[in-house]
Amino acid sequence: MNMQKKGWTALALTTAAVLALGACGNSGGDGGQAAETPKTSEQPSDGGQAAKPAGVPEGPLGKYDPPIEVTTVRFVNASFKYDEGKSIDDNIWTDIFTNEYGINVKNMWTVDESQYRQKLNISIASGDIPDFMLVNKEELMRLRESDQLEDLSGVLDAYGSDYLKELLDQDKGAALRAATFDGKLVGIPQMQVNGGVSTGEMIYLRHDWLTKLNLPEPKTIDDVAKIAEAFAKNDPDGNGVADTYGLGMNKDLFQTHGTVKGFLNGFGAYPDMWLKGSDGKLVYGSIQQEAKTALQKLSEMYASGVIDREFAVKDWNKVAEDIAANRLGLAYGTVSDGGHIHRANRDNNPNAEWKVYPIASLDGSPVHPQLADTANNFYVVKKGAKHPEAMIKLANIYLEHYYLTNYAPDPNPFISRDGGIFPGKYHPTVIDPLNVNLDAFRLVQEALASGDGSQLGFPANVHFDRLTKYAAGDQEMWFSNMVFGAEGSYSVIDYYDKNKLGVYSEFQGAATPTMTEKLSSLKKFQDETFTKIIMGQAPIDEFDKFVEEWKKLGGDKITEEVNAGL
């Protein structure tokens, strides 16, 4: 592949599906050297090395004639709006699949994103699964143990495009190994944009409120607590009504905007991930004493009225509504949030000023943010599916049209230039380069500093254009500045990356047997206990009882299995 072309076309990915920033760029960052292709053909395989089925077109992008039908299941985000006349069943991608490649994709069912896991597990339990689908590590293990998955080793080798194989080796094959058992590859990792260091959390802050109340910028946990208290009690919006909250939180604790993951990271606590202990063995971050200390601080803040009394029944959408309505000016979130969550507030209140900051620590020293695994989800194929290669071909099609096709000078049909919804979300198999947006940020900043964006390829030139318009006074481009501006959210990710800050889970393998059976119930037990402690419904010493029970209920066995696999 031409790596320079790949670098510019990789810019096409947005910072998040909901955002559709039209985003972003990748300079290649590898000195022009292509990544090594995974040697999947060298893995032993039973079904994976079988002869090609009759009627399967040659090559990664060959067209089926006559057309074939494959089934899948999907989730949709409640906030996602389709183009007029389009739906998840009928859109730009389904037209491409049918007309150019002879593949008809049928959705057996679709549900809201919040209901996907429950619906999927019902399907798995009943054995009523589609030809291919997206599963997490636990579901992958259950399907594998019940012998419901096709071996994809030879299938990927025979039908995967060079670019697909390259992307699957971005983490040196770690995610592929997590889906390989006894030499059989049973899942294709869903590599995602904004992976790696870009998953680190940050602080979003109403800077105009901070200035009005004469408060320091957040460098320590105490700073964060003082800002939160002032935002809750000192009428930062100046309307004379006690209608603002201090620290934004949502009921899921460690997900999306209003998470407390970054807050805990500031204490050296890392929930829901495996860390290396002093003896070299792996321990679970949620049960360490640092988590207890962080929970105690949150409990104190809740008791003093700094945190919304009803956070335990509000999801992240409610937190976003509070931000939009000028009720909240401080919360932890991820790199993409400013482009849609805080944009809504800016639309309602043009005088609102937001800034982002790295996670604060107890003593003001740099914090290592908690980073997500390179792949937590996998595309799998039902054992015995007539066309197991179709899922691989669909992934090739996504990459070919979304990244590798040069649409210039015509507008790229998969990119929104105005920050609206983009059609990439329609595709059933999305596998992306990691950290392309961080590279985009750096390219655009260099161009802005020189004042010359003429050498930027599409769509990096779109970002340059947006930020240039914002600098000239176009407030409609505020959302782009919030993410890709010199002090936008990617400046924080850039800081993390350049200072080598970040912590990955020390366990990257597939779910262990006991993990598959009990981790979800342990997670529910954990979050319920943490919520009770924060709300003062349980004393802080309840944490120690939780740790004891967690171990008895399967945690010790999971820990044993995790360490046995080292």
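The values are calculated or read from the model by the stated rules, or taken from the named source; none is laboratory data. This structure is a prediction, so every number in the text was calculated from the model and none was measured. Here the Cβ positions follow ideal geometry from the backbone for every residue, glycine too, while neighbour counts run over all protein chains shown. Surface accessibility is based on the protein's heavy atoms, side chains included, excluding ligands, DNA and RNA. Shrake-Rupley method; radii C 1.70, N 1.55, O 1.52, S 1.80 Å.
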Next item on the list: May I ask you to list pairs of residues, at least six apart or on different chains, whose Cβ atoms are under 8 Å apart, with the first in the range 310-321 being touching a residue at least 40 places away in the same chain (Cβ under 8 Å) and the second being acidic (Asp, Glu)?
Entry: Lys314/Asp308; Asp315/Asp252; Trp316/Asp252
Check: Which residues, counting only those in the range 401-427, are charged (D, E, K, R) and either surrounded by fewer than 18 Cβ atoms within 10 Å (Cβ to Cβ) or at pLDDT 95 or above (or both)?
Finding: Asp410, Arg417, Asp418
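Kindly provide the set of residues from the range 365-415 that are polar (S, T, N, Q) and over 30 Å from Phe254 (Cβ atoms), ordered by number.
Asn396, Thr405, Asn406, Asn412
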Next item on the list: Kindly list, by first and then second residue, each pair from a residue in the range 219-234 that is over 13 Å from Ser361 (Cβ atoms) to a residue that is among the hydroxyl-bearing types (Ser, Thr, Tyr) and crowded, with 17+ Cβ neighbours inside 10 Å, limited to pairs with Cβ atoms under 9 Å and residues at least 6 apart or on different chains.
Entry: Ala228/Tyr245; Phe231/Thr244; Phe231/Tyr245; Ala232/Thr244; Ala232/Tyr245; Lys233/Thr244; Asn234/Thr244
Note to self: It is to be established whether one or more residues within the range 522-543 are touching a Leu at 6+ places or on another chain (Cβ under 8 Å), at pLDDT 95 or above and open to solvent by 50 Å² or more (accessible area, probe 1.4 Å).
What the structure shows: yes
Checklist line | Residue list for the range 496-516, restricted to those being under 27 Å from Ala360 (Cβ atoms), open to solvent by 20 Å² or more (accessible area, probe 1.4 Å), in contact (Cβ under 8 Å) with a residue 60 or more places away in the chain and part of a loop (DSSP other than H, G, I, E, B) | finding: Asn499, Gly502, Tyr504, Glu506
Notebook entry, point to check: Are any residues in the range 364-396 polar (S, T, N, Q), open to solvent by less than 20 Å² (accessible area, probe 1.4 Å) and under 18 Å from Asp497 (Cα atoms), and if so, which ones?
Noted result: Gln370
Notebook entry, point to check: From the residues in the range 164-185 that are at pLDDT 95 or above and open to solvent by less than 10 Å² (accessible area, probe 1.4 Å), which one is nearest to Lys393 (Cα to Cα)?
Noted result: Leu164
Next item on the list: Could you please find all residues in the range 302-315 being touching a strand residue (DSSP E or B) at 6+ places or on another chain (Cβ under 8 Å) and either closer than 21 Å to Ala352 by Cβ or exposed (fewer than 14 other Cβ atoms within 10 Å of the Cβ) (or both)?
Entry: Val306, Asp308
Next item on the list: Search the range 428-466 for residues being over 22 Å from the mean Cα position of the chain (by Cα) and within 30 Å of Val105 (Cβ to Cβ), and hand back the single one that is most open to solvent (accessible area, probe 1.4 Å).
Entry: Phe458
Item checked: Cβ pairs under 8 Å, 6+ apart, first in the range 291-309 and more than 17 Å from Leu330 (Cα to Cα) and of a type in the set (A, V, I, L, M, F, W, C), second open to solvent by 30 Å² or more (accessible area, probe 1.4 Å) and part of a loop (DSSP other than H, G, I, E, B) -> Leu295/Ile540; Ala303/Gly536
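If you scan the range 328-367, which residues turn out to be without any contact (Cβ under 8 Å) to a residue 40 or more places away in the chain and closer than 22 Å to Ala269 by Cβ?
Once the filter is applied, which keeps residues that are without any contact (Cβ under 8 Å) to a residue 40 or more places away in the chain and closer than 22 Å to Ala269 by Cβ, the range 328-367 yields only Ser365.
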Check: Which pairs have Cβ atoms under 9 Å, sit 6 or more apart or on different chains, and link a residue in the range 539-552 that is aromatic (Phe, Trp, Tyr) to one that is open to solvent by 40 Å² or more (accessible area, probe 1.4 Å)?
Finding: Phe543/Gln289; Phe543/Gln296; Phe546/Phe525; Trp550/Phe525; Trp550/Asp556
Margin query: Within the range 245-358, considering only helices (runs of 4 or more DSSP H) that don't extend past its boundaries, which have at least 2 residues that are under 27 Å from Phe507 (Cβ atoms)?
Written below: 261-265, 289-303
Checklist line | Ile558 crowded, with 21+ Cβ neighbours inside 10 Å and under 19 Å from the mean Cα position of the chain (by Cα) | finding: no
Check: For Ser361, which of the numbered conditions (1) touching a Ser or Thr at 6+ places or on another chain (Cβ under 9 Å); (2) open to solvent by 10 Å² or more (accessible area, probe 1.4 Å); (3) farther than 19 Å from Val186 by Cβ fails to hold?
Finding: (2)
Next item on the list: Just give me the residues in the range 533-566 being assigned to a helix (DSSP H, G or I) and on the phi > 0 side of the Ramachandran plot, in sequence order.
Entry: Gly554
Margin query: Can you tell me which residue is nearest to Phe132 (Cα to Cα) among those in the range 64-101 that are open to solvent by less than 60 Å² (accessible area, probe 1.4 Å) and small (Gly, Ala, Ser)?
Written below: Ser87
Notebook entry, point to check: Do we have any residue at all in the range 211-220 that's in contact with a Ser or Thr (Cβ under 7 Å, 6 or more places away or on another chain), within 24 Å of Val483 (Cα to Cα) and β-branched (Val, Ile, Thr)?
Noted result: yes
Next item on the list: Just give me the residues in the range 485-517 being of a type in the set (Ser, Thr, Tyr) and at pLDDT below 95, in sequence order.
Entry: Tyr504, Ser505, Thr512, Thr514, Thr516
Check: Out of the residues in the range 102-139 that are aromatic (Phe, Trp, Tyr) and open to solvent by less than 20 Å² (accessible area, probe 1.4 Å), which is modelled with the highest pLDDT?
Finding: Phe132
Next item on the list: Take the range 277-326 and flag every residue that is of a type in the set (Gly, Ala, Ser) and more than 26 Å from His340 (Cβ to Cβ).
Entry: Gly277, Ser278, Gly280, Gly285, Ser286, Ala291, Ala294, Ser299, Ala303, Ser304, Gly305
Next item on the list: Answer yes or no as to whether Glu217 is surrounded by fewer than 16 Cβ atoms within 10 Å (Cβ to Cβ), at pLDDT 95 or above, charged (D, E, K, R) and part of a helix (DSSP H, G or I).
Entry: no
